[in-house]
Amino acid sequence: MKMILAIVSNDDSSNVSRQLTREQYSVTRLATTGGFLMSGNTTLLIGVEDEKVDNVIQIISANSRKRTKMVPSTASFSAGMYAGMPVQVTVGGATIFVMNVERFEKV
């Protein structure tokens, strides 16, 4: 058995979890915050049999997408003055971890 831990953008989390549920996978959603832009993410926990891992990853990939976003970049000048220069960054997509599960019980 495997535990899939998928970190997806809040923009995609509803679609991803809805599609996983339609395919009869149990999903636990946790609200999380990303480090780079401090933006909202959702971490999904999905326990599956080994042979279903690739199908779950395919569902996550098909329902989460990367996007570009303009964010202010802080450029420092003398005397403590700052000017925000917009920078285009890529956000979204999914980060997926697959871990071995030694034991699983539902009580």
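The values are calculated or read from the model by the stated rules, or taken from the named source; none is laboratory data. Bear in mind that the values here come from a model prediction, so they are computed numbers and not experimental data. Glycine gets a Cβ as well: all are built from the backbone with ideal geometry, and neighbour counts include every protein chain shown.
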**Study point:** Any pair with Cβ under 6 angstrom, 6 or more apart, that starts in region 12-28 at a residue that is charged (D, E, K, R) and ends at one that is outside any helix (DSSP H, G or I)
**Key:** D12/S64
Practice item. Mind listing whichever residues of region 8-42 are among the β-branched types (V, I, T), over 19 Å from T68 (Cβ atoms) and crowded, with 17+ Cβ neighbours inside 10 Å? Key: V16, V27, T42
Review point. Restricting to strands (runs of 3 or more DSSP E) lying wholly in region 1-59: which have 1 or more residues that are closer than 12 Å to A94 by Cβ and of a type in the set (S, T, N, Q)?
Key: 2-9, 40-48
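Every residue in region 65-107 that is assigned to a strand (DSSP E or B), more than 19 Å from the chain's Cα centre (by Cα) and modelled with pLDDT of 65 or more, please.
M70, V71, P72, S73, G84, M85, P86, V87, Q88, N100
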